[in-house]
Amino acid sequence: MVMKALFIGHWAALEGELPRGGDPGEPDESLITITEDELKFDKGGGRFANGKYNISSNGKIEKADGECRISFTISGSELLVGFEGGRYSTAKVVRYEREIDEGRQRRCRKC
């Protein structure tokens, strides 16, 4: 089973992964913060996916709202976020890299 600690951190979408103004897209889904208890799209995206989460037996965080689904999976050093169904007319997997915390300063090229 995937450990919660693998998900915890500040994540930024890799360059070119999200189109500006798309759904999903820049800037809304460009940054994700995952803590021990909650996940949040820092720039206002993700709507129903924000909030408390659990890791399923298949090692994913899965959120759904009607036909819309967002899933979060760890692959090596990347966070893979899948958007599918409903308003996500074409399923898309977006790759994120972990950002580095330095005290209260967050080094992030997209902040």
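List of remarks:
- Looking across SER89, SER77, SER57, one residue alone is farther than 20 Å from LEU31 by Cβ, open to solvent by 90 Å² or more (accessible area, probe 1.4 Å) and at pLDDT 90 or above. It is SER57.
- Filtered by the rule that a residue be modelled with pLDDT under 95 and open to solvent by less than 70 Å² (accessible area, probe 1.4 Å), region 93-105 gives a lone residue, GLU99.
- Flag if ILE70 is open to solvent by less than 60 Å² (accessible area, probe 1.4 Å), of a type in the set (A, V, I, L, M, F, W, C) and either under 21 Å from THR90 (Cα atoms) or touching an Asp or Glu at 6+ places or on another chain (Cβ under 7 Å) (or both): yes
The values are calculated or read from the model by the stated rules, or taken from the named source; none is laboratory data. This one's a predicted model, so the numbers in the text were calculated from it and none came from an experiment. For neighbour counting, all protein chains shown are included, and Cβ atoms are generated from backbone atoms with ideal geometry for every residue, glycine included. Quick note on the areas: whole protein, heavy atoms, side chains included, nothing else; ligands and nucleic acids left out. Shrake-Rupley method; radii C 1.70, N 1.55, O 1.52, S 1.80 Å.
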